[in-house]
1. Mind listing whichever residues of the stretch B:575-600 are surrounded by fewer than 22 Cβ atoms within 10 Å (Cβ to Cβ), free of Cβ contacts under 8 Å to residues at least 40 places away in the same chain and within 23 Å of residue B:678 (Cα to Cα)?
2. Could you check, for the stretch A:593-603, whether at least one of its residues is in contact with a helix residue (DSSP H, G or I) (Cβ under 9 Å, 6 or more places away or on another chain), within 14 Å of another protein chain (Cβ to nearest Cβ) and either modelled with pLDDT of 95 or more or in a helix (DSSP H, G or I) (or both)?
3. If residue A:335 meets every condition in (1) crowded, with 24+ Cβ neighbours inside 10 Å; (2) touching a residue at least 24 places away in the same chain (Cβ under 8 Å); (3) in a helix (DSSP H, G or I); (4) touching a strand residue (DSSP E or B) at 6+ places or on another chain (Cβ under 9 Å) apart from one, which number is that one?
4. Identify all residues within the stretch B:338-348 that are surrounded by fewer than 19 Cβ atoms within 10 Å (Cβ to Cβ) and facing another protein chain (nearest Cβ under 10 Å); write none if there are none.
5. Scan the stretch B:194-209 and tell me whether some residue there is under 30 Å from residue A:326 (Cα atoms) and in a loop (DSSP other than H, G, I, E, B).
6. Please specify each residue of the stretch A:210-230 satisfying the condition of being part of a loop (DSSP other than H, G, I, E, B) and within 14 Å of another protein chain (Cβ to nearest Cβ).
7. Can you name the condition, by its number, that residue B:188 falls short on among (1) modelled with pLDDT of 95 or more; (2) more than 22 Å from residue B:284 (Cα to Cα); (3) more than 14 Å from every other protein chain (Cβ to nearest Cβ)?
8. Residues of the stretch A:386-413 being surrounded by fewer than 17 Cβ atoms within 10 Å (Cβ to Cβ), away from chain B (no Cβ under 14 Å) and over 22 Å from residue A:450 (Cβ atoms), which ones?
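The values are calculated or read from the model by the stated rules, or taken from the named source; none is laboratory data. Not measured: the values here are computed from a predicted model. Positions of Cβ are backbone-derived with ideal geometry, glycine not excepted, and every protein chain shown enters the neighbour counts.
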């Protein structure tokens, strides 16, 4: 859909100018001097020609079809221009002008007119308040500022989409110097119409783009972000996303900058982790992502080998690997035997594999040993500290030759300085072997790659199979929320166990036989009493013999607590045993339903020991969540206790995820607190639960 | 003491060689060609002259006094050579030879001979298995490898001490390219005699060294590390320490590399945090530390101002500041008023302060606005995104002039790429304004600086005042540990409250009057029964009326649990109320006594929610520890509860720290579990305690 916008065959510059430094002058200059082969028209009532480009008084006067209008006029004129573009059947506009909602109240009126003009005209617009758009392949330099004065930008299969124009240029320039070219750059500005996700969607389907980079302050459609994340995994194309404005202070700055109400970062992070996103925290990460994803090779697992001639560097790389959850397994005995003749007797053939100074000047032995390690069945990828000897050029050639045949990624951590490596590292890069100037970046890149590859592998199975059919829930006549019994029925409908219970109707005679296992819990049932415990309306561990007396006492308590309360009766419930968990589900309007699991009591709330996943999810995914909890050691049988029924817990979490998914249009929140997790094989019980409605 | 070693007036090379590439040849070449002005002698029985340097058959034959012997001979000969050096009154040797304990069993015999020779000869030695030592000021190139082939190393007031020779060169070369010179480099190798800390101590007293950088795999004397950390704060000289081998996997590699048994990282980290250390995780950090500490300026607090013309960069910097605990306070109204005429009406004068594109080409307005912000009373340091306009040279001049008069640190985060900034950033650096190529490094450097400055300020008050006099404890006749009553008496002696209790001797008649508040806890007292609860020997909440019967039951339980157990009697204790904490003290043989505080129950153990500090400490420091706990919200009065007595808790922690400090030669561990923290004003109670002895 955005093909014509990004690769227009004809462009009109509305507000064109003679002056190269002005927003209306720079695109004119660039589009006529940097190799653009489409047609260029100027629009400005004051001229008939600007630097040899025919100039028309208005867009209607342009004699031929125009694919893209670049608008560089004062904000107040932009709405009219958009309407004129619509009338002239121009489908796409790129508005460089500023002075809309980003300047606050002063821009509100013109923003409203802009929105109306967009709706009426049918024009799809980039901006306003953006620096423009760049397509190096088609030589479309459609914008202003330093980024559009560089006809020699290096090309590369990367598309950068940025909510900050100024920062987009910084990113591009920095990457450029690190050898990373980008074919596309789009500055989305205020996103009055087209936003970041429209471009992500477009580039996911473009074969000439292999990595999408996004600088993101905030967006409104979290579900679409998630859907695009799934798509990225399906097509195997990573979206490197640099989300800023994540902290309270950062958020304040984001609001004043783009007037985007930044969503809570948790939802973004959860979305990033479930999809084909690679999170970027610094421009280094983007450079490194570009390098490591370039070859298209994917490791089959997280088992790395560290190859070094410096023990010190090996230790350091090992520390970083451990932090990044990369494993360093021992090599197979076959590999160790094969390595022995190549290495000195005292070399440590562990992992890191320290070739020692003995191999620091020995090529091709260094590469031969490396090849044996890469081929090892225990290894999924290799982190090679670069050859420190004199034959480094020959080493680079050998390594490239090997990398071309090897199925596993090989990453190089430079032992030389960037300047020293300048003669041979670019050759390695071109040959498909990414090089990193410091060890921590090599390991971070390896971890990025492993993480993405892992998600790709699981992507097919990511869509959870339905473990319970969609159930109709009785949600009528329940303004705001369901009462405890209604809430528990919802859980039961989806197969989540609740305590056996009996309603004793206060209007009926006292029941002759109570088919419950004593002692029981007794709770008052009254539509008027919300805080049952406060009202003296709850009793635990009530024996059969004490039941009748207890009901009388509770009734008396309730009446004195609230004299006019309507007392329907009493809920008797069997007692359950287990470790307390909190299991909840929450419907985020932007991102969709999410499930939250935490250890009960104060753990979840005070210690923030919670795991989150978007719903629905499989029991296996629920199990992963549980494993993430620091407190999960308590479930595993801490200090010699019998392990708890984690399978049943995972099953209940998955079922809860289906409730919120099946009923997300109605249900806003479900909380089971506590869910008691019994010993292995004895299941879980939802002791208290509340379902809240939208 | 090490002056003669590092700046020798005469050097003998034992095992000198004609071949420049050999360890015995390279120093000969370097010391005679790179400007060393002292005397150089060669020692090798095969020659009388090597490249014009007089050569002697052995060290005894050298006619004049020698300050330093460089030894480059096979390992087996080194012990003999050391003895000869001793006989020749040479006080210092630098042993480049390898093949000692680092090669494992094969090197054990020669290592033992080396140790004996060291003891006998009185020679102080660097190495073996090191690459050597460098003193650029005195032109001492005493080592081998690439690092000693660079007569043009840039100088700088930094000393690098490294346990990895190979990595030391990498660090030096990388820093060099980043504009950071180092006057000293010492590779300590196996540290059979002189170790990292000997050199740290030396350089702390050297005026020409302003930053000490240490690459550390492990060391044995943690107390000395801590003492040097305190000294570093006193003299205001940061020790940038890069500790590796911190993770389980990393530790394995460290062991196989240097045969240093790496200590648990926690003790190191705690030592780093209490002293004048700056922790380094990557060579970037070292470069940045060198830059940011160069000016000697210290911020008075953690309140930063972010100055930018790119909102996007501002948001990003703000995120990083929040993560690094840097505050971004609003500017004073005075500053805001003064800024208004300089900035466009829609510019956000918050913090970040976005000058907007309007000032992106305006000098000196950009600097004027910056100066107003730096002068603001709310601000301790400024993070300035570099001027993006054409007059960047003039901006740099203005900023340098301002920085020379300003008392506050100003850090620049480059908006240009490193190559673009190459013409003016070095000028800023030389002018005392550190520049950082990416935002995260600028913020990390600012945080480093603030953290060090804060510790410097607190350094004078760091030594805690004694809040309790040293007490004699009854520790005799207690092999391994004290019983509960003895342990509690130790606590009481130091003013930590325990429950009121009464010992009921089973050999005496049942007491007529029991002066305790009921209900009480009853515990059996028997030297034979360790697990009292298991033996049925503990009862909670015993009412006065039930006491006698309870004693009989407990006695019966104990007898059936262990028929021959000697039953001394019963301990009756008043019940206490409060939130459970674990408070412990532990004596680490290397680092000294440490105090540990955690929330009780599973929090500390399962959730690793603990804070640690070396003992002794003040109640204020103890309070800081408590604040670090995630669970401390529970003490503050979670969900509307009355706050707990945190003052009393802090006081008890401080008192405990004095117990272990005063008795560290005898006590190995003290654990109070639980310590109950009552409501505000009602104190804390050590309900159970154990003191273990060495």
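1. B:596
2. Yes: the stretch A:593-603 contains one or more residues that are in contact with a helix residue (DSSP H, G or I) (Cβ under 9 Å, 6 or more places away or on another chain), within 14 Å of another protein chain (Cβ to nearest Cβ) and either modelled with pLDDT of 95 or more or in a helix (DSSP H, G or I) (or both).
3. With (1) crowded, with 24+ Cβ neighbours inside 10 Å; (2) touching a residue at least 24 places away in the same chain (Cβ under 8 Å); (3) in a helix (DSSP H, G or I); (4) touching a strand residue (DSSP E or B) at 6+ places or on another chain (Cβ under 9 Å) applied to residue A:335, the lone miss is (1).
4. Matches in the stretch B:338-348: B:344, B:345, B:346.
5. no
6. Within the stretch A:210-230, A:217, A:218 meet the criteria.
7. Of (1) modelled with pLDDT of 95 or more; (2) more than 22 Å from residue B:284 (Cα to Cα); (3) more than 14 Å from every other protein chain (Cβ to nearest Cβ), only one is false for residue B:188: (3).
8. Matches in the stretch A:386-413: A:391, A:393, A:394, A:401.
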